[in-house]
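Heads up, the thing below is written out as structure tokens.
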Amino acid sequence: MPVDLLALGRETLKNQAFSQLLGAQLDVFEPGQAQLSLPVTPQLLQQNGFVHGGVLAYLIRVFGGYPDGV
């Protein structure tokens, strides 16, 4: 039976409290492609109105991990 990668990835993300806090959603997860969305809210901005570097680091880390498997 083939593995439903999207369901597996979403379940993994759901179990990550920090991902839930940020509102991250996995939209696509298939061989060769992954798409994660994250709503930019005022709470994620630094004092000058740009997305905080910690949010960017989170996205890099999550995307760095998903290609290796969940």
>> Residues to consider are Leu21, Leu13; find the one that is within 17 Å of Phe63 (Cβ to Cβ) and not in a loop (DSSP other than H, G, I, E, B).
In response: Leu13
>> Tally up the residues in region 24-39 that are in a loop (DSSP other than H, G, I, E, B) and surrounded by 14 or more Cβ atoms within 10 Å (Cβ to Cβ), please.
In response: 2
> Within region 1-10, can you find the residues that are under 14 Å from Phe63 (Cβ atoms) and either under 9 Å from the mean Cα position of the chain (by Cα) or open to solvent by 50 Å² or more (accessible area, probe 1.4 Å) (or both)?
Replying inline: none
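The values are calculated or read from the model by the stated rules, or taken from the named source; none is laboratory data. Since the model is a prediction, treat every value here as computed from it, not as a measurement. With ideal geometry, Cβ positions are generated from the backbone for all residues, glycine too; neighbour counts draw on all protein chains shown. Accessible surface is based on the protein model in full, side chains and every heavy atom, while ligands, DNA and RNA are left aside. Shrake-Rupley method; radii C 1.70, N 1.55, O 1.52, S 1.80 Å.
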